[in-house]
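Q: Got a structure for you, written out below as structure tokens; questions coming shortly.
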Amino acid sequence: MEEEKNILKWLNGDMSDRELAAFKQTSAYKKYAQIAQYASDLKPNQLNTTQAYAAFKNKAEAKNTTPKVIKPNFNWISAAAAAVVAVLITTYFIFSNPATTTEAKLAQLTQTQLPDQSEVLLNSGSLLTYVKNDWDKNKREVKLKGEAYFKVTKGSNFIVETSAGKVQVLGTQFNVKERKDYFEVHCYEGRVRVDHGGKKLVLTPGERYRFINGTGKKMTGLPATQPSWTLDESSFDAIPLKYVLNELERKFDITITTQSIDVDQLFAGSFGNKNLDKALRAVTVPLGIEYDDTNPKNIRLYANNQ
Amino acid sequence: MKSSDLKDLCKEPVFKGFYDSFLQGAKNFALYKCGDEAQALDLTQEAFIKIWENCSSVDFAKAKTYLFTTINNMFLNTVKHNKVVLNYEKNSNTDDKSFQDPVYILEEKEFKLKLQQAIANLNEGQREVFLMNRIDGKKYREIAELLDISVKAVEKRMSLTLKSLREEIPNI
């Protein structure tokens, strides 16, 4: 045991000169000196970076990849392009230890299970991260960018951190939405504590907290037993159009540009996530808007009288 | 370029700088896992492509971690070959003049060959830890971080590796 500890210490370069001199007299050293030395002398192939980079570019081009930079479409969005870009500015990299990441890309829903068997369903354009090694019965913490529906197993202290606020729960089902300037938490079961901008409040089943356009309030009257998007339907009850259009973009992996349209007007309704045409009509018809989908990846919305 | 551009991986000069800095290290990392130079380079190029594709969302300061984690994950999904053969050649820098005896030199050659074979026979977890420590000179803590395991786990793998190697290679 002692011998093994010394060998490991030696290989890690952790011995003082004196310790090393003493160690070199031992039989343990004699057993492993050659192995250790010759292993160190093994040399991997040295690459020529110019050649390798040229090969890299060929490979990348063959895959037809270009860096995904999604340009902001509404002129009120500047840094808010972050809310639209699929893999959002990284909560992933806030952890100093390598973290476990789950991502739902655009037009995708992703489900994952956490180390405590809690389940999370991520809505399109969302990212969930946690550090497995830090996870135990008394500390369960994840970071969320975007929107997710959680089913948390009984235990203590389950925390969801978003850049907007923190949600803390005790064995419940709840939904957390964090998009730019729009933070909403739904409680479906159990109790949820929300910390947002210095405000602390508790939600019981059927209640929700909505922060939008600079004001936050608690509301009742949750329409269902689970968020509609988990069943492929995005619904909004009096939400500014801009957020509805953002969700359309994420769901169908498209970009939307608008012309002379009031994107702050409220929309109440829903759109299915399976058919783009139907979805566009569901949003535009009630508001008297037309759309041009000659380019199916970039839809143009304009007012009826133009 | 604006100073903010210096961290923007979507700008090719920045990406190329990142690529040049970490290509060798990343390739070695992959090599220790899979034991094959060609496969290692392949994995590495794929990982760089992933970063390039997601350049707008990769934080420059953490890109290295992302690179290594991607290689880690990609390797887990690759087909494991039955026989891992290490192809790298040793460039000797141990030049001990007191052992110029040709018999010794031959024995040394055999020893090194046996060592290469024995390393190829290790399981991936043991091999990568051992080589990261021996060849890259990495400490157990850094290895633990790169592989997302505990320091204790690193030490355990080192111990098992030494036992395995010792069994397969009798001393000269």
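Q: Starting from the exponent 0.38 and prefactor 2.2 Å, build the expected Rg for region A:2-41 from its residue count and divide its actual Cα Rg by it. Present the calculation step by step, with values, prior to reporting the outcome.
A: Values: Rg = 9.5 Å, N = 40, 2.2 N^0.38 = 8.9 Å.
This ratio for region A:2-41 stands at 1.07.
Q: Let me ask another. In nm, to one decimal, how far is the A:Q108 label point from the B:A61 one, both placed 7 Å along Cα→Cβ?
A: That separation, rounded to one decimal, is 2.7 nm.
Q: Additional query: Neighbouring Cβ atoms within 10 Å as the yardstick, rank A:K43, A:K278 fewest first.
A: The most exposed by this proxy come first: A:K278, A:K43.
Q: Return the average number of partner chain Cβ atoms within 10 angstrom of each residue Cβ along peptide A:100-106.
A: Going residue by residue through A:100-106 and averaging, the value is 1.
Q: Under the rule a/c < 1.5 gives rounded, and otherwise a/b versus b/c splits prolate from oblate, where does region A:87-230 land using the Cα gyration tensor?
A: rounded
Q: To continue, here is another question. At R0 = 41 Å, how high is the FRET efficiency between B:K114 and B:L6 if r is their beta carbon distance? Nearest 0.05 is fine. Show your work: numbers first, answer last.
A: On the way: r = 49 Å, r/R0 = 1.20.
Using R0 = 41 Å, I get an efficiency of 0.25.
Q: Write down the Kirkwood hydrodynamic radius of region B:4-58, to one decimal in angstroms, obtained as one divided by the mean of 1/r over all alpha carbon pairs.
A: 11.7 Å
Q: Considering every residue in A:3-14, what mean count of other chain Cβ atoms within 10 Å of its Cβ is obtained?
A: For peptide A:3-14, the averaged partner shielding equals 4.
Q: How large is ³J(HN,Hα) for each residue in region B:108-118, as worked out from phi by the Karplus curve 6.51 cos²θ - 1.76 cosθ + 1.60 (θ = phi - 60°), to whole Hz, x for Gly and Pro?
A: Each residue's phi maps through the Karplus curve to give 5, 4, 5, 4, 5, 5, 4, 5, 4, 5, 4 Hz.
Q: Oh, and also: Quick test of the membrane-span-like rule: which DSSP H helices of chain A reach at least 18 Å along their long axis (C-alpha atoms) with mean Kyte hydropathy at least -1.0?
A: A:27-41, A:49-62
Q: Also, I was wondering about something else. How far is the Cα center of region B:114-144 from the Cα center of region B:46-61, in Å?
A: Measuring centre to centre over Cα atoms gives 27 Å.
Q: When B:S21, A:S40 are ordered from fewest to most other Cβ atoms inside 10 Å of their Cβ, what list results?
A: B:S21, A:S40
Q: Continuing with this model, one more query. Report the calculated FRET efficiency for A:D134 and A:D262 (r = Cβ-Cβ distance, R0 = 35 Å), to the nearest 0.05.
A: Calculated transfer efficiency: 0.15.
Q: On to the next question. Quick one: if the Förster radius is 35 Å, what FRET efficiency do A:L201 and B:A38 give, using the C-beta to C-beta distance and rounding to 0.05?
A: Using R0 = 35 Å, I get an efficiency of 0.05.
Q: Continuing with this model, one more query. Under a 5 Å amide H to amide H cut-off, with H placed in plane at 1.01 Å, what residues pair with A:R140 once short-range neighbours are removed?
A: A:I159
Q: Further question on the same structure: Sort A:H196, A:H186 so that the residue with the fewest other Cβ atoms within 10 Å of its own Cβ comes first and the one with the most comes last. Show your work: numbers first, answer last.
A: Values: A:H196 18, A:H186 24.
If I rank by nearby Cβ atoms, fewest first, I get A:H196, A:H186.
Q: Here's something else I'd like to know. Using Cα-Cα distances under 8 Å and only pairs 6 or more residues apart, what relative contact order does chain A have, in percent?
A: 9 percent
Q: Let me know the Rg and Dmax you get for region A:225-291 when you use only its Cα atoms, in Å.
A: 11.3, 38
Q: Is the shape of the protein assembly as shown rounded, prolate or oblate, going by the alpha carbon gyration tensor and its root eigenvalues a ≥ b ≥ c, with a/c under 1.5 for rounded and a/b larger than b/c for prolate?
A: Prolate, because a/c is 1.5 or more and a/b exceeds b/c.
Values quoted throughout were computed directly from the atomic coordinates according to the rules given, and no laboratory measurement underlies them. This structure is a prediction, so every number in the text was calculated from the model and none was measured. Glycine gets a Cβ as well: all are built from the backbone with ideal geometry, and neighbour counts include every protein chain shown.
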